[in-house]
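What follows is a single structure, written as structure tokens, with notes after it.
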Amino acid sequence: MSAQLTKELRALCHEHHVEMRLNKGFSNGEAQATQALTYACTAPDCLVHYDISRGYFQIQNGSGNEWNQMPKVNCFLDGAPMYLAQIDREKRAFRLWRCPQCGTNLTNEDGLVGLGPTKIQESGAQP
């Protein structure tokens, strides 16, 4: 795991575009619970979470994880699930995704920022 894990991320909820808060006590049911840094949306009644090793997911009724209709954007350098780091309210379709491991940035407009074009696929994401 990278030293980036100890640094708090500024992940945005992909649904509400608000900054998510770190849930240090969240357990993902694995033996290595200390590595389960999970972020939760701050919007009322939103169940969207982000985990640096699994990406975006939803908590259903306080137990279990639902992976349907969650954005799946992975870093092409290390395969880590990226998080939504920035939007542009004037250009509603703009999304900047960032890798929590290596800091690589991707946009849905220009591909990989600074290193050349690449495509992003959001499986099941609603426009």
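Rundown of residues vs (1) open to solvent by 50 Å² or more (accessible area, probe 1.4 Å); (2) at pLDDT 95 or above; (3) over 19 Å from GLN86 (Cβ atoms), yes/no style:
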| residue | (1), (2), (3) |
| --- | --- |
| GLU8 | yes, no, no |
| THR38 | no, no, yes |
| ASP45 | yes, no, yes |
| GLN60 | yes, no, yes |
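Just checking, does the stretch 18-36 include any residue being small (Gly, Ala, Ser), open to solvent by less than 40 Å² (accessible area, probe 1.4 Å) and at pLDDT 75 or above?
Checking the stretch 18-36: not a single residue is small (Gly, Ala, Ser), open to solvent by less than 40 Å² (accessible area, probe 1.4 Å) and at pLDDT 75 or above.
Pairs please, first residue from the stretch 99-120 and on the phi > 0 side of the Ramachandran plot, second anywhere and at pLDDT 75 or above and of a type in the set (Ser, Thr, Tyr), Cβ atoms under 9 Å, 6+ apart in sequence or on different chains.
Here the result reads GLY114/THR104, each pair linking the stretch 99-120 to a residue that is at pLDDT 75 or above and of a type in the set (Ser, Thr, Tyr).
The values are calculated or read from the model by the stated rules, or taken from the named source; none is laboratory data. None of these values were measured; they are calculated from a predicted model. Positions of Cβ are backbone-derived with ideal geometry, glycine not excepted, and every protein chain shown enters the neighbour counts. Areas reflect the complete protein model, heavy atoms only, side chains present, ligands, DNA and RNA absent. Shrake-Rupley method; radii C 1.70, N 1.55, O 1.52, S 1.80 Å.
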